[in-house]
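Peer 1: Following this message is one structure expressed as structure tokens.
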Amino acid sequence: MTNPFKFPRLILLAAVLFSATTAVQAQSFGLSVTSSASSLLVSNTLTYTINVTNLNALVGDLQNATVTNRLPDSVLFLNASSTQGTITNYQNVVVFTLGTFIYGVPGAARLTVTAQPLTAGLITNTVLVASEFVTNTASTNVVVQVTNPPPILADLGVGIAAPTRPVITNDFTGYELDVTNFGPSTASAVILTN
């Protein structure tokens with residue numbers, strides 16, 4: 001006697017295999033993002049280093065892989081670099097198009113983004129990795145504290161040296177004024193009035 005379900009099982013198996021190659025549910029990416037500082041002053045530069053690894057053993061090399069780095073409006077994009085693919089920036093959204101992304105090489109894509117904070121506060125940098133035929137993505141946020149620079153301080157001292165002999169009323173005499181800056185910053189446009 002033959003199994004009447006043999007043929008339908010083959011069709012079902014083929015459908016499952018087709019589905020597995022177009023929508024993979026396994027972990028597909030390793031993603032790490034580090035910043036050059038956890039706290040910095042306004043107008044200093046900040047560099048983010050992004051390392052991405054293709055972990056998708058079911059598909060292998062991923063096609064049309066992209067890394068999107070969304071910078072907040074409170075920073076000015078300066079530049080970006082990548083070990084593979086192309087880079088575009090539009091209104092603080094930096095997109096790294098990796099193209100074919102090789103499977104299993106740790107940190108295969110190393111990307112950097114350099115920006116300059118414009119205001120004090122927290123900066124949240126969001127990074128997202130995605131690829132064609134893969135339904136899951138990897139994303140992370142990096143938060144950096146930005147503070148205003150300390151005020152520029154100068155510590156000025158004034159000294160006066162008078163003559164050692166007595167001065168007679170309505171007589172002319174001379175004296176010397178010494179101005180010293182004890183720092184730490186330079187003093188500009190100093191005016192001394194007598």
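The values are calculated or read from the model by the stated rules, or taken from the named source; none is laboratory data. Quick caveat, the model's predicted, so the values are computed rather than measured. Here the Cβ positions follow ideal geometry from the backbone for every residue, glycine too, while neighbour counts run over all protein chains shown. Note: accessible area is taken over every heavy atom of the protein model, side chains too, but ligands, DNA and RNA are not part of it. Shrake-Rupley method; radii C 1.70, N 1.55, O 1.52, S 1.80 Å.
Peer 1: Would you mind telling me the share, in percent, of accessible area of segment 155-194 contributed by carbon and sulfur at probe 1.4 angstrom?
Peer 2: Result for segment 155-194: 55 percent of the exposed heavy-atom area is carbon or sulfur.
Peer 1: Let me know the charge dipole size of segment 46-194 about its Cα centre in debye, to the nearest 20, where only the beta-carbon of Lys, Arg (+1) and Asp, Glu (-1) is charged.
Peer 2: I would put it at about 360 debye.
Peer 1: Next question, about the same structure. For Tyr90 and Asn148, calculate 0.36 nm times their separation in residues minus their Cα-Cα distance, and state this gained length in nm to one decimal.
Peer 2: 18.2 nm
Peer 1: So what's the Cα pair-distance distribution over segment 100-194, bin width 10 Å, in %?
Peer 2: Per 10 Å bin, starting at 0, the Cα pair percentages come out as 9, 21, 15, 13, 10, 10, 9, 6, 4, 2, 0.
Peer 1: Now, a different point. Accessible area per residue for segment 18-173 in Å², computed with a 1.4 Å probe and the full protein assembly in place, what is it?
Peer 2: I get 56 Å² per residue for segment 18-173.
Peer 1: Treat each spin label as a single point 7 Å out from the Cα along the C-beta direction, and report the Ala162 to Thr186 distance in nm.
Peer 2: Each label point lies 7 Å from its Cα, and together they span 3.6 nm.
Peer 1: Now for a different question. Between segment 157-194 and segment 41-71, how many Å separate their Cα centres?
Peer 2: That distance is 63 Å.
Peer 1: How large is log10 of I(q)/I(0) for segment 54-141 at q = 0.20 Å⁻¹ when the intensity is taken from the Debye formula with one equal scatterer per alpha-carbon?
Peer 2: The calculated log intensity ratios at q = 0.20 Å⁻¹ are -0.92.
Peer 1: Still on this structure, please answer the following. On the full set of protein chains, 1.4 Å probe, figure out the accessible area of Thr114 and give it in Å² to the nearest 10.
Peer 2: 20
Peer 1: Could you tell me which of Pro149, Val190, Asn89 has its Cα farthest along the dipole of segment 41-194 towards the positive end, charges placed at Cβ (Lys, Arg +1; Asp, Glu -1), taken about the Cα centre?
Peer 2: Projecting each Cα onto the dipole axis, the largest value belongs to Asn89.
Peer 1: Using the Karplus curve 6.51 cos²θ - 1.76 cosθ + 1.60 with θ = phi - 60°, what ³J(HN,Hα) values do you get for each residue of segment 152-167, in whole Hz, with x for Gly and Pro?
Peer 2: Computed from phi, the couplings for segment 152-167 are 6, 10, 10, 10, 8, x, 10, x, 10, 10, 9, x, 7, 8, x, 10 Hz.
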